[in-house]
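Below is one structure, written out as structure tokens; the observations come after it.
The values are calculated or read from the model by the stated rules, or taken from the named source; none is laboratory data. Values in this document were obtained by computation on a predicted structure and should not be read as measured data. Heads up, the Cβs are rebuilt from the backbone with ideal geometry, glycines too, and the neighbour counts pull from every protein chain shown.
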Amino acid sequence: MKIVNVFLFALIAFCGSYYVALVNDLTVKGLKVQELKNQVSCLQEENRNLNVRVTSLKSYNTVAKRTDDLDMVSIKNVKYLRAPGEFLAKK
């Protein structure tokens, strides 16, 4: 009977320590998942801000202002070249 009691005690101790290790592992993974979710939300916010900035930089007013700052002028009379035939290059 004493051997059975020692075996049961060892089995209960093993199962208890396994349960604690399993809960600890799940807690660590849960914290890591939460950290990654926070990182994803920060990156999404940064992406939204960058998209707004790209849109504002592509706007006509911004481009026109930058061309004025670079002393560029707009073209008034545009003349296009016409290529003879259907092809631009021949073999």
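Within segment 2-60, the set of residues being of a type in the set (D, E, K, R) and within 35 Å of the chain's Cα centre (by Cα) comprises Asp25, Lys29, Lys32, Glu35, Lys37, Glu45, Glu46, Arg48, Arg53, Lys58.
Listed residues Asn5, Asn49, Asn77, Asn24; which is part of a helix (DSSP H, G or I) and either at pLDDT below 95 or touching a Gly at 6+ places or on another chain (Cβ under 9 Å) (or both)?
Asn5
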